[in-house]
Structure formats: C-alpha cells, structure tokens
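A short write-up of the structure that comes next.
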Amino acid sequence: MTKRTYGNEYGFQTRAVHTGNDVDGETGAIKRPITMANSYELPYDPTAMNWSSAAGNLYTRNGGSNQKYLQEKIASLEGGEDCIVLSSGVAALSGLFFALLESGDHVIFSSVTYIAVYRLLHELLNNKFHVETTIVDTSDLEAVRKAVRPNTKLIHIETPGNPTLTVSDIRAIAEIAHENGVLLSVDNTFASPFNQRPIELGADFSIESLTKYINGHGDAMGGSITGKKEYLDIIRAQSQINLGGTISPFNAWLIMRGSVTLPLRMRQHNENALAAAKWLEAQPCVSFVAYPGLPGSDGYETALSQMAPGFGGVLSFGLKADHDTHNRFVSQLKVITSAVSLGHDESLIVFLGEEDERQYLYPEKFHNGFFRFSVGIEDIEDIIGDLRQAMEKTGLL
Ligand SMILES: Cc1ncc(COP(=O)(O)O)c(C=O)c1O
C-alpha cells in the first residue's frame, strides 16, 4: 500500500475529503484509526533521544498521529507550508503570541477581536512580560500604517471580526507589515479556509478556532496555526511541547471527520446567512444588520475582494427594543438556540448587552445591545420562520 497524497492539483473539496486520511496499514480499514495511547515504544537504546522532539512518535504531547493527520489536512486547505493543531483556538492564539513575542516587542491588533486576544495581548503579555500593544481599527489602513513602530514585531487582525463583523484588508495590511519587517497573523475563524485563505493573500499566519466551522458539529475543541515551517518549528517546540496545549487524539479525530463536509456546510452557511441578513434588514424593528455580504455594507468591497465563494455564517443585528425585550425575543426561539460559540451545524444566538467593556472600540450602533447570530444549515424557511414567530410573540412585528 502506498501513501496517498493530495496536492493542489486536486480541488478544495477533494482535499477536504481525502487529505490526511489513508488506508490503515495494519487492518486495511479505509479510515485511519484513533490512537489514544499517550506513549510510543522506544528504540533499543533510547538514551540519546531528544525528549523534547516533535519528530517521530514518542509521546503524545510532542505530537500524536491523529494530530498529525489533521495538521496535514489543515495545511493543505489553508495553502500553507506547515500547520500545528492545538487544544483550542485560544491555545493556538496564545501559542503564537508566546513563541513569537519577547519583552519590549510591540504588537498592533484589531480593535475588534475575540475577547481572549484582547486579554492575552493587552492585559497578560503587556502586564506580565512588558509586550507593548496598540489597538487599532484595522479597517483603516492609514491607522495601521501610523501605528507601526521600530519595535513592532506582529500585526494581528481578525476578519471578519468578532462580534461586529468588521472587515480588514488582508493584502494591504500584509504589504504594510512586510514593508516594515513585521509579521502578520490573521484569525480566520469567521470565514474558514473555504471562504478566505489569508496565507494566499500575503499573511504569515492563519489561525483557526477548529471548534467552529472546521469541526462544524459543536462537539469538539481545537485550534490551528498555519504558516512557514521556520516559525512553526519554534511555536511547536515552545508552545506545544513545553507549554503543553496539545489536542487530544479523540478531538483531532472528531475534527478530522467533521472537516470532510466543510465545503458543503460552508455553502449552506453562506447562503442561509445572506438570506437571513436580507430578511432582517427589511424588518422595521431591526435597527441594523452587520454582515459583510450585504451589498453596500461597511467592508463589502474588501470582503468581495478577499472572500469567495461567500461571506460566512455569522452576522450581528440590533433590535429597536429595550434590554428585557431582547431576552424575551430569545426565549421565544424554537429552532435557534441561545448559546455562545458559532460555526456549528445548528443556529446559535447570543445577546451581547449594553455593558461590554470593549464597547468603546466598536461603532456606535453596537452600543445599545445586539445579537451575534451564527446562522446554521437548517432550512432557511425554518430559520426565518423562527425569527418571525419570536418577533411576533414579543410584540416586535
Ligand atoms: C474569532 C475567534 N477566534 C478564536 C476563538 C477561540 O476559540 P476556542 O473557543 O476554540 O478557544 C473564538 C471563539 O469564539 C473566536 O470567535
């Protein structure tokens, strides 16, 4: 049996199905098994071994087989040289920051990011290790350019950003970064590599919370960093083997399985979210809808130039209603579940109230409380029907 490899001569969907899988050498099973063992047999004389090595099979914290299969697939889907899969999206983000940044380095990051990025960079690394930070609206290229300092090491952006869906221009920011000898990392979780591939657009690193679209079924956590091997070797040594954010083999296997249908699910997410955004926009009780796929919306042109074939499944919207009416609306939903996370097969909604500590960083329309809505792959008639009946029961329609 020869190992089957699937290079870029194969399409995205074929690679989502096949890359990282092979016929199992021992049993002939057409799916590779889950290897839960945490240790592998040592050679006759192990004394010369490097116990912190990721090469070969030694100990699962240094790298297990299911993790490696998944890394092969994600690297291929992202169009990157190498990939590290870790225990969560936050493990990927913290692993990248910890390995790349040193005391006295400066980081520029988007004013709209997942909360842990703000905590990691602006509070933890800043306070504990004197990493300097500047928070910038990265949809404004001039602001990014102006924020660069001689000691800037990294620009970190999230596009579309959580929770306002703000879009930043990856190509243009990669140019600014590289002109100044700075690295660019992009959190690609909201788009997934089906819709957007940051490395092909010039970024140095693409980060995914695999917990979201790539797993897609809401039943496992993981994160990935894709980029050049020269950096990933350092990140693997420091942040996986020595900090220990390794993914469990079972979760790697679950994500591997979920990722097979990523292209099919993303097509449906893209279609459903656009339809839901258009429907919401037409309702008099809705104060705003933020979705990068809405023609004429902020960031639409940039999104069009870097996201294809669609704009993802997450949108945000506001209601012309008081605080309690938002909660009453959610309590009437039957198809859409009130829960954090996003990118699951099912629709999820979360009410982000008026008191968010980072609100000063968001456009004003987000200051009165709003919903982040992760549109699932259910029938769109049922999703819109659910929104409508909940609005009717709450007296909004
Ligand atoms: C954009 C983004 N990045 C990273 C994360 C963190 O991922 P995880 O929850 O897998 O640690 C999230 C979680 O919601 C997210 O929305």
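The values are calculated or read from the model by the stated rules, or taken from the named source; none is laboratory data. Everything numeric here is computed off the predicted structure, so don't read it as measured data. Don't worry about glycine lacking a Cβ; one is built from the backbone with ideal geometry, like all the others, and counts go over all protein chains shown. Keep in mind that these areas ignore ligands, DNA and RNA; they rest on the heavy atoms of the full protein, side chains included. Shrake-Rupley method; radii C 1.70, N 1.55, O 1.52, S 1.80 Å.
Given the conditions (1) in contact (Cβ under 8 Å) with a residue 60 or more places away in the chain; (2) open to solvent by 30 Å² or more (accessible area, probe 1.4 Å), report the number of the one that residue 92 does not fulfil.
The one condition residue 92 does not meet is (2).
In the stretch 98-119, what residues are assigned to a helix (DSSP H, G or I), within 16 Å of the ligand (Cβ to nearest atom) and more than 10 Å from residue 207 (Cβ to Cβ)?
Selection gives 98, 115, 116, 118, 119.
Is at least one residue of the stretch 378-385 touching a Phe, Trp or Tyr at 6+ places or on another chain (Cβ under 9 Å), touching a residue at least 40 places away in the same chain (Cβ under 8 Å) and under 30 Å from residue 139 (Cα atoms)?
No, every residue in the stretch 378-385 fails to be touching a Phe, Trp or Tyr at 6+ places or on another chain (Cβ under 9 Å), touching a residue at least 40 places away in the same chain (Cβ under 8 Å) and under 30 Å from residue 139 (Cα atoms).
So which residues in the stretch 204-221 are of a type outside the set (Gly, Ala, Ser) and either buried (at least 22 other Cβ atoms within 10 Å of the Cβ) or near the ligand (Cβ under 10 Å from one of its atoms) (or both), if there are any at all?
Result: 204, 205, 207, 208, 210, 211, 212, 213, 214, 215, 221.
I need the full set of residues from the stretch 1-57 which are touching a helix residue (DSSP H, G or I) at 6+ places or on another chain (Cβ under 7 Å) and small (Gly, Ala, Ser), in order please.
Within the stretch 1-57, 16, 20, 52, 53, 54 qualify.
Could you list, in sequence order, the residues of the stretch 262-284 that are under 17 Å from residue 379 (Cβ atoms) and open to solvent by 30 Å² or more (accessible area, probe 1.4 Å)?
264, 267, 268, 271, 274, 275, 278, 279
Out of 201, 124, I need the residue that is open to solvent by 20 Å² or more (accessible area, probe 1.4 Å) and touching a helix residue (DSSP H, G or I) at 6+ places or on another chain (Cβ under 7 Å). Which one?
201
Considering only residues that are touching a residue at least 24 places away in the same chain (Cβ under 8 Å) and part of a helix (DSSP H, G or I), which ones fall in the stretch 143-158?
Passing the criteria: 144, 145, 147.
Keeping to the stretch 180-198, report how many residues are among the aliphatic types (A, V, I, L, M) and either at pLDDT below 95 or over 11 Å from the mean Cα position of the chain (by Cα) (or both).
Taking the stretch 180-198 as the starting set, the residues that turn out to be among the aliphatic types (A, V, I, L, M) are 182-184, 186, 191.
Keeping just the survivors that are either at pLDDT below 95 or over 11 Å from the mean Cα position of the chain (by Cα) (or both) gives 182-184.
Selection size over the stretch 180-198: 3.
Quick one: count up the residues across the stretch 261-281 that are among the hydroxyl-bearing types (Ser, Thr, Tyr) and either under 18 Å from residue 349 (Cα atoms) or without any contact (Cβ under 8 Å) to a residue 12 or more places away in the chain (or both).
Total meeting the criteria: 0.
Any residue in the stretch 66-83 that is open to solvent by less than 60 Å² (accessible area, probe 1.4 Å), acidic (Asp, Glu) and either in a loop (DSSP other than H, G, I, E, B) or within 16 Å of the ligand (Cβ to nearest atom) (or both)?
yes
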